[in-house]
Structure formats: C-alpha cells, structure tokens
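Trainee: Before anything else, here's the structure in question.
Just so it is clear, none of the values below were taken in a lab; they were calculated from the coordinates. On a predicted model such as this, the values are computed, not experimentally measured, just so you know. Positions of Cβ are generated from backbone atoms using ideal geometry, with glycine treated the same way; all protein chains shown enter the neighbour counts.
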Amino acid sequence: MLTKKQVQVLDFIKTYRAKNDYAPSLDEIRRKFKLASVSTAHYYISKLQDAGFLNKEHNQPRAVSTVKAKQTIEIPILGAIAAGQPIEAIEIPDETITITKDEIGQQGKHYALRVQGSSMIDEGIFDGDIVVVRKQDVAENGQTVVAVIDDNEATLKKLYRENGKFRLQPANPTLFPIYRDEVEVRGVVVKIIRNLESQLDQGQSRDEKYVRKIDYSWDYRGEKTKSYTHGIHTYPAMFIPQVGRRLLETYSKEGDTICDIFCGSGSALVESRLIGRNAYGIDLNPLAIVLAKAKTTPINPQKLTKEYLSLLDRVEKIKDNEIKRPGFKNIDFWFKDKVIVKLAKLKKAMREVKDKTIQDFLMVAFSETVRYSSNTKTGEFKLVRVKGDKLEKHDPDVIGIFRKHAEKNIAGMADFYKDAEKNSWTRIIYGDSSKDNEIKANSIDCIVTSPPYGDSRTTVAYGQFSRLSAQWIDVFEDSNDASGVDNDLLGGRATKNLIHTLSSGYLKESLEKIAKQDEARAKDVLSFNLGLNECLKQAHRILKPGKYFCLVVGNRLVKQVRIPTDFIIAELAEKIGFTCEDIIVRNIPGKRMPIKNSPTNIVGALEETMNKESIVVLRKN
Ligand SMILES: C[S@@+](CC[C@H](N)C(=O)[O-])C[C@H]1O[C@@H](n2cnc3c(N)ncnc32)[C@H](O)[C@@H]1O
C-alpha cells in the first residue's frame, strides 16, 4: 500500500525524471519534502521499492527508476481495533489505503483497521499499525483474526479451538488469553502496515537540545540475521545486518571506503563487502579480529569442504598420547579431562591445514566448540561455571559440536563467496580506536559502528566472553594474557577522580547523580566517556569533510540513572567538528545482551536490560 506521503514522493520522482532524465538524489527528496534527514528520504525510497513502484538498482539514489504501474486496489479503513482489551467495534469508513494486488492476493474482499494496544507485539503488530483483513467467517487454528465477542466487542488475537471452546491468544507474554464458548470471526489478517510516517516526521516535542525519533522500520523484527557468514560465531551485541546495510546504503555509495571503528565480529564489514564498499575494521579484542577476518575473507567452498573432510579423517587417527594439552591457568576448572583430549586432537588436526585462510576459517567453528564443550553456562556472556548435578552430567560430544558448526559455517561461506563483491577489499586492524591506527586523515567516506554500551566490567565483558576460545586458539603469545583484555577496552580503567574537561552538560548531570550514590561507579562512567571522546576525535581525523559517522548506541542505566549516551555523543561530537543530523530510536528485538545484569553488585538487584538503542547520525563539518 502507499500512504499519501509515499504517493507524493513517487509523483515527485516521476516528474523529476521526466524533466531531467535521471532521478533526484536523496538530499533533493529530503529538501523537497522538508524531511528531517536523508535517512528519512531513504526510508521512502525503500518503501516504494519494496512495494514494487521503484526499481532496486543498488540503491544508488540517482539510479532509482519507476516501474510500470502495478494493479492496485483501494481498501477502506473501517476504524480501530483493540490489540489489547476488546473495544466496541466501530465501523465508520472515513479513509482508504491503496495497496498493490500482489500484496494481498487476488481473492476475497478486504478492509483495514488501525491497531490500538500492544497485545500482538510478538507477531510484529504494534500500536498505531494498520492491518489489512480478508473478510471471512472461519479461520484456521493459529491464524490472527478479527474476532467479535460478547455481542459487539472486537479484538485482534490468534484464534485456537480447544476442548470445545475458543482461545483468543495475545502475542505478548505478559497478557492472558481470553476463553469464550462463542466467537464471531470477521476476517483474517493478511498484511500489517507499520505506521511510521507520523513518527518519522514529528519527532519529540521535549525541551531537549536534540530530538529522538522513534522509527520502527529499523527494528527488523523477525528478519533473518544469520545469513552469509553472519551466523558463524556468537559475539555479544552484534549488529543486525539489516541495520548495518541500511546505514551503509544511506550514507555511502558503491566503491567508497568505509570504516567500523569497533568492528567486533565484523557484521558491518560483511555487509559492506556484499554491497561493494571497501572497508577497514578496528577492534581491540583479539578474538574479534579472528572472527572479523574469517567472516570477510571469501573462500572457495569446494576447497573448504575438501579440507574439512580430510581434517575429520585426521582427527579420527590421532592417538591420545600424540596430543599436547594447552597449559593455561585453570584449564581443569573450565574443561573436563575427556573434553581437553578431544579439543586437543581437533586443534592438532586443524594446525595441519596448510592453507592459512582455510585454517583460520575452520578455527571459528573450533572456537564455538570450545565454548559449547566447556563447563560454562553458554547462555551467558560472562564466564560462569555450571554447578552440581549439571556439571556432573556434562558430557559434550566435542566432535559432533564441531561438525555441526563447521558445516553450517561452510554453507554460510558458500553464499558469501557467491555474492561478495570481487573488487572490494576489507582490512582488519588490531588496535585501539582512541589512538591513531595509521588510517590516513580525511580518507574515509563513511563510518558505521556500534561502541560498547559502557565499561566491560559492568556491561558486556567482551574479553571474558572471548577468553577460553582465545586461549585455545593461541591468539596470545602468553595465553594467560587473555584475562587482561577487558582492562584495555573503553572504560576498562576507572579514573582517579571525577575532574574532567569534557564538554557535555548531559554527562555532567549523569555523573553528579551517580556520584551521589556511588563515586566508584561514576569514575567508571567518566573513564568510558573520556575514551569515547578520544575515539570521536580519531573518527573526525580519518573521515572526509561532509561525510557521515553513524553510531548505534545504548542509553544504559547506572544506579537507576539513565545515561543519555546518544545526547552525550552528540554534544561531544559537535565540539570536535561534527553536526548531529539525526537521532533515531529502534527496538532491539534480537540483540544478544546479558539477560540479567546486576551492576549494583548486590545479589538479586537487577538493572533493566536494554531493549532500545539510538542511531546517532553525525556529519563532519
Ligand atoms: C558492540 S561491540 C561491536 C559489535 C559489532 N558491531 C558486531 O557486529 O560484532 C563493541 C566492540 O568494541 C570493541 N572495543 C572496545 N573498546 C575498544 C577500543 N578502545 N578500540 C577498539 N575496539 C574497542 C570491543 O572489543 C567490542 O568488540
């Protein structure tokens, strides 16, 4: 369906093309419709592309072209429907929406309703969305229906028949189902249309210096995030590939050189390679470097499979007395003896793979095997040992785990090898982004990154997460150095006092509030922001003037004080020589974060887990 604004944008593109023989740029669209940013213009273009009104031509702003008109249909919006408690069904046809027939199928009569409430959020239906419903009075088990109960109360729920009754099931774990003997079905949902435009252009009317815009179109709820090499290894707080790609497509073009200054496992770098950007990635966690290299180095899948199969043969033949047990501290605490022997055999066979890129790629599956066969709780990012009965019964099938991961990884590589842009390159630098990493000044066309949410000790301990793998795969000369990584990351060493010259009112305010409760925690927060400020300066140095720097950040709670990291970055960056052009808020549907964190260090005291993050878009002056 096309909303009024989308129709206007489409008309503008058509007229512009007819006049100039090429399409308008994103910036021209932004100016024409007085949109807040080019990312909003990009949003309209992608919606028109998704609906089939514009061709997808590598998302080059000037390359969009209109396609032949599709068969459309006008559907009445009949009113509102409760996704929460049932409300009285109101049917006042006032508005219509236009939708292409392909989107809903050729059969049946349709109507649309505006959704109120949040009981269907797990089905991706949010307050303010529009649902298109096919009229019918029967539904299959599990379908999302418009149901009328108790005479005239309409609600939107999933319908199940059970023991002669009907269960109307909300898709929100905090709500209870409704049971009725009778339910009148008024139709089945065939399409959900996210209500974005009001949120996109209205912003917040708060008395803040910066404005956050909530934009559900950045959530990518339910979309596949493990395609290509994205799924070859778990890493904390990974980018959703769709977010990385959209930022790259909006703020850079094919052939550009981009950089991710906190590249982690390399998600943004994989995307940049797939859409023809050259890329630098920087990280200070050695395991991240291994992962990012493996994810972004295309390898012929046939060669890979051949080496993998002969490796499996070799492992079988290695005898127990031929292996070398690694000598790092506490190995027996984290691994059972049987497991150590199997892992050591795998490692020996792996080291015999002659082609180094293949060896490094297979090492990633080995690293996951180390995590899964260790005595740690695999659902945690910190190293926590399983206990009691569970530990006793722990008997992992080491080779089986390795095979499962290696085979899945090879399949991912086959897709990446096929689609990675052959003429683009990726360079991964092991370094500290708050320092000069030998990337030339004014050489980068776009920076897309996601910094840590805070210091490693009280947020995500990247070093701790990586430690056992890093020790097994020898990323350190002395494997006992692996425990020091977290101290070197942003905020790893608390400041001596709270005196600083950082120019951010938001930071000052947060520090004061936290220090009143806990001075040590305030020093951690200050240390993190001092480091981040140095990273912003380095980013400014390497970026070309007029180009974009996008940061996906979280506003964490410390001592029940919400730290507005997005606003702090905007303030610090504007002092350095950037302009803050946009702050977009997205929900985090799938980012792997600690489920419970207790930064207060009081057992049982939990601070909320982040479920929203901000995308700060800066432009170098
Ligand atoms: C949020 S994660 C990035 C995850 C990444 N986007 C991905 O998809 O895997 C933040 C990363 O910043 C890295 N980091 C922390 N301090 C750093 C510093 N001073 N220099 C470079 N990297 C740093 C951490 O090691 C971690 O990998």
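Trainee: Output the 0 to 90 degree angle, nearest 10, between the alpha-carbon long axis of helix 462-472 and the longest principal axis computed from the alpha carbons of the chain.
Mentor: Long axis of 462-472 versus the principal axis of the chain: about 50 degrees.
Trainee: At ASP332 and LYS575, where each label point lies 7 Å from the Cα along Cα→Cβ, what is the point-to-point distance in nanometres?
Mentor: Each label point lies 7 Å from its Cα, and together they span 5.3 nm.
Trainee: How do LYS516, LYS496 rank when sorted from fewest to most other Cβ atoms within 10 Å of their own Cβ?
Mentor: With the sparsest Cβ surroundings first, the list reads LYS496, LYS516.
Trainee: Also, I was wondering about something else. Can you pick out the pairs among LYS295/LYS422; LYS317/LYS338; LYS329/LYS390; LYS336/LYS387; LYS377/LYS408; LYS317/LYS342 whose Cα atoms lie more than 19 Å from each other?
Mentor: Over 19 Å Cα-Cα: LYS329/LYS390; LYS377/LYS408.
Trainee: Taking 22 Å as R0, compute the FRET efficiency from the Cβ-Cβ separation of LYS408 and VAL341 and round it to 0.05.
Mentor: According to the calculation, E is roughly 0.35.
Trainee: Treat the count of other C-beta atoms within 10 Å as a stand-in for reagent exposure and order SER614, SER265 from fewest to most.
Mentor: Ranked by crowding around the Cβ, least crowded first: SER614, SER265.
Trainee: Taking the mean number of other Cβ atoms within 10 Å as a proxy for protection, how do you rank 396-408, 307-319 from highest to lowest?
Mentor: Top of the packing list down: 396-408, 307-319.
Trainee: I'd like to compare 121-132, 458-469: which one has the highest average count of other Cβ atoms within 10 Å, and what's the full order after that?
Mentor: By packing density, highest mean first, the sequence is 458-469, 121-132.
Trainee: Now a separate question. Return one number: the angle in degrees, 0 to 90 and rounded to the nearest 10, between the long axis of the Cα atoms of helix 286-296 and the longest principal axis of the Cα atoms of the chain.
Mentor: Its long axis makes an angle of about 50 degrees.
Trainee: How much mean residue ellipticity at 222 nm does the chain get from its helices, if each DSSP H run of length 4 or more adds -39500 (n - 2.57) and you divide by all residues, to the nearest 500 deg cm²/dmol?
Mentor: It comes out at -11000 deg cm²/dmol, rounded to the nearest 500.
Trainee: Now for a separate question. For the chain, find the longest principal axis of its Cα atoms and tell me its angle to the long axis of helix 241-251, 0 to 90°, nearest 10.
Mentor: Roughly 70 degrees between the two axes.
Trainee: Taking the alpha carbon gyration tensor of the chain, what are the square roots of 5 times its eigenvalues, largest first, to the nearest whole Å?
Mentor: One finds semi-axes of 42, 31, 28 Å for the chain.
Trainee: Separate question: Convert each backbone phi in region 570-576 into a coupling constant with the Karplus relation 6.51 cos²θ - 1.76 cosθ + 1.60 (shift: θ = phi - 60°), then list the ³J(HN,Hα) values in order as whole Hz, x for Gly and Pro.
Mentor: After applying 6.51 cos²θ - 1.76 cosθ + 1.60, I find 4, 5, 4, 5, 5, 5, 7 Hz.
Trainee: Take ASN437 and VAL138, extend 7 Å from each Cα along the Cα→Cβ direction, and tell me the distance between the two endpoints in nm.
Mentor: Using points 7 Å along Cα→Cβ, the separation is 6.1 nm.
Trainee: What dipole magnitude, in Debye to the nearest 20, does the chain give about its Cα centre under +1 on Lys/Arg Cβ and -1 on Asp/Glu Cβ?
Mentor: 1400
Trainee: Compare the peptides 342-348, 177-183, 321-327 by average per-residue count of other Cβ atoms within 10 angstrom and give them in order, highest first.
Mentor: Going from most to least packed, we get 342-348, 177-183, 321-327.
Trainee: So what is the relative contact order for the chain, in percent, with contacts set as C-alpha pairs under 8 Å and at least six apart?
Mentor: Relative contact order here is 11 percent.
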